[in-house]
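The values are calculated or read from the model by the stated rules, or taken from the named source; none is laboratory data. Just so we're clear, the structure is a prediction, and the values are computed from it rather than from any experiment. A quick note on method: Cβ atoms are made from the backbone with ideal geometry, for glycine too, and the neighbour counts reach across all protein chains shown.
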Amino acid sequence: MTGEELILGIDFGGTKVAIGLADRAGSLLVTRRLDTDAHAGAEQVVSRALAAARKLLADEGAADDLVAIGVVSPGIVLEDRILLAPNVPGWEELRLRELVADEFDGVPISVGTDAKAAALAEWRWGALADTDPAVFLSLGTGIAAAVLVGGRLLAGANGAAGEIGYNLLSPQDTDGFASGAAPLEEAVGGRGLGGRASVLLGRPVTAGELFGLARENAQAKELVGAALDELSMHVANLAIALDPRRIAVGGGLVRSADVLLPALRERLAQAVPFPPELVSAKFDQDASLLGAIAIALDA
């Protein structure tokens, strides 16, 4: 793999970290994955990820070919902290760019929000190509959306555009963020669904397993149905507000696309004056990693 300029991407997620090397065309050449092990805290995640990235470069003989690094994370990544990223203890106190720069001295580093970066990758190389306006909907451990207008990401005044995990569920959700809650994410995100399913069924159950169980277990089916009803309402409201041409759905929950997408399409068709096309993301599991590559290339 020597002799070619390479980009390193690191995607920090709530349950896994993805690391990859890509060429300047955005083609992933080699990838590695490791568990986040969130309960053990933020610092160990970053340390293990950077060590794995170093080993990947060494294994591929690519250290001298590295020209840029892109790093993405849930939340709003600032120089001295990360906002709106509560899923890993200590994550919001991280100086993420600084930690990566200490490991890769002298290599240009770009940092960004995972869902927004994933939207950029899908617009450049995937399911949102030639689409305007476009929405990327990330359904995984957390819930977020990213909006592209004319191929440019809508950041918002504080970098928080599309953080729909904080959407309120009812008029009774008067505190929402101020009380430390992310109502929609807790209701339909992977971690919230898995937690409720585990209590309901009396054993540890992931969100992905829950969707499979819903085919034969009445309790699981009822829980999934309620979650899809809630989620589809918010997606419909998003489509009404933005009038996008296409919505691409990515993230871990898309492994259950056969259940998830029909429910969303049905609500869009019923509720939205001009229903957008709804598709699976091309890079259903690698969108954020490719997004990290994309922001590095742009920089």
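Among helices (runs of 4 or more DSSP H) entirely within region 212-299, having at least 1 residues that are outside the structural domain of residue 69 (by TED's automatic domain parsing), crowded, with 21+ Cβ neighbours inside 10 Å and without any contact (Cβ under 8 Å) to a residue 60 or more places away in the chain singles out 218-242, 257-271. Surrounded by fewer than 21 Cβ atoms within 10 Å (Cβ to Cβ), out of contact with any His (no Cβ under 7 Å at 6 or more places or on another chain) and of a type in the set (Asp, Glu): does that describe residue 11? Judged against the criteria, residue 11 is not a match. For beta carbons closer than 6 Å, sequence separation of 6+ or different chains, a first residue in region 172-201 that is farther than 19 Å from residue 144 by Cα and a second that is part of a loop (DSSP other than H, G, I, E, B) and at pLDDT 90 or above, the qualifying pairs are 197/205; 198/204; 198/205.
Might you check whether a residue that is surrounded by fewer than 19 Cβ atoms within 10 Å (Cβ to Cβ), in a loop (DSSP other than H, G, I, E, B) and under 21 Å from the mean Cα position of the chain (by Cα) occurs anywhere in region 54-75? No: region 54-75 contains no residue that is surrounded by fewer than 19 Cβ atoms within 10 Å (Cβ to Cβ), in a loop (DSSP other than H, G, I, E, B) and under 21 Å from the mean Cα position of the chain (by Cα). Residues in region 118-149 that are out of contact with any Asp or Glu (no Cβ under 6 Å at 6 or more places or on another chain) and part of a loop (DSSP other than H, G, I, E, B): 126, 127, 129, 130, 131, 132, 133, 140, 141.
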